[in-house]
1. Using a Förster distance of 30 angstrom, determine the FRET efficiency expected from the C-beta separation of Ile162 and Leu140, and round it to 0.05.
2. Mind sorting out which of (1) 0.95; (2) 1.04; (3) 0.98 is the real Rg/Rh (Cα atoms, Kirkwood Rh) computed from the coordinates?
3. Over the chain, calculate the relative contact order: mean separation of alpha carbon pairs under 8 Å at least 6 apart, over the residue count, as a percent.
4. Test of understanding: ordering Leu204, Leu237 by Cβ neighbours within 10 Å, fewest first, what list do you get?
5. Report the extension gain between Ser38 and Val108 in nm, rounded to one decimal, defined as 0.36 nm multiplied by the number of residues separating them, less their alpha carbon distance.
6. Once phi is turned into θ = phi - 60°, what whole-Hz ³J(HN,Hα) does the Karplus curve with 6.51, -1.76 and 1.60 give for every residue of region 231-244, x standing for Gly and Pro?
7. Once you wrap a convex hull around the alpha carbon atoms of region 150-263, what is its projected area averaged over all directions, in nm²?
8. At 0.36 nm per residue, and after removing the present C-alpha to C-alpha distance, how many nm does the segment from Gln149 to Phe287 gain when stretched out fully?
Amino acid sequence: MSDLTEAVLSVRRRPRAPKRPPTSMQRREARWGYAFISPWLIGFVLFWTIPIAASLVFSTLDFKLTAPDETAFVGLGNWERALSDPDTWTSLLVTLRFTLVFLPVSLVVSLALALLLNSSHLKGRNFFRLMFYAPSMIPLVAGILIWQQVLNPQTGWLNRLIDLTGVQASGTSGMRWLDNPVLVLFAFSFIGLWGVGNAMMINLAGLQGIPTQLYEAAAIDGAGWWRRLTSITLPLLSPVMFYNLVIGSVLVMQYFVVPWVLFGASGHPDGASRFLLVHFYEEAFVFGNMGYGAALAWFIFLVVGALTALLFSTARHWVHYGTERS
């Protein structure tokens, strides 16, 4: 770590005060706080905790919606089936491949937009912030149908723009974004970047929380734009970036609506749209195999949990918090 980065981080570090026992007023405020959040707690137990526990029980049963009277206990049979099913591993591979393509691009684009829109030299910053955030407010299905026409190989705007560069993208022999197993991953990425406004606003909020005095002191010391970015902005923004990384990883592993609206459970083209959650939905709600579907749901949960644990294990090497001690 550079001297400038260490100096910046040390400004944020504060010694922690010893904990004191709560006073009677604090205990009374805590009781009122629990009373106010009790509706949410009751809803969480009824609509989240109990269904999660029930799904774990269902994963041990041969339970079908079409024949509920024939339910039988199979123990780990559904788990064995899930782990030996080639479709499970194929859909997992498709999901991981898309994660490696889309997640880095979305993180970089959201950060770049936030840096641009945080610049005091940009005129009309509020207007551009609204324009970049507005697409995330459009209903997802409506946005998918719009992008389906944008990516049309004959009349789509994207291929028409590529034609302007001299590359023949339109026509029967042009770029078929939704019919090519390689290009369809980029098509999904384009649709995903349509809603990158949420991550951009989170990054923007983090940037505005960095003290401007640090930049002024660095400029006085002769630090250029790149040095300020790498030694001040990125270290102090690393907790926000880590948050976006974790949330983005979880959302990508649950990728479902876009491939389902465009292709259903067909996996077109050549299985490239058969994501893990598509495979789960087809087994549970199309075929009615709720027991097997519950096992798949827990399999997805374990995969997401393992990925999240991996990310947290790397955080100590690059995420810097203001309360850390040397």
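Since every read-out is calculated from the coordinates, none of them should be taken as a lab result. What you are looking at is a predicted structure, and each value in this text was computed from that prediction instead of being measured. As a convention, Cβ positions derive from the backbone with ideal geometry for all residues, glycine included, and neighbour counts pool all protein chains shown.
1. Values: r = 26 Å, r/R0 = 0.86.
Given R0 = 30 Å and the Cβ-Cβ separation, E is 0.70.
2. (2)
3. On the way: 337 pairs, mean separation 97.8, N = 326.
With pairs under 8 Å counted, the relative contact order is 30 percent.
4. Values: Leu204 24, Leu237 21.
Ranked by crowding around the Cβ, least crowded first: Leu237, Leu204.
5. 21.2 nm
6. 9, 10, 5, 5, x, 6, 8, 4, x, 5, 5, 5, 4, 4
7. Working: hull surface 40.6 nm².
Convex hull of Cα atoms, orientation-averaged projection: 10.2 nm².
8. Working: separation 138, 0.36 × 138 = 49.68 nm, distance 3.07 nm.
The span from Gln149 to Phe287 would gain 46.6 nm if fully extended.
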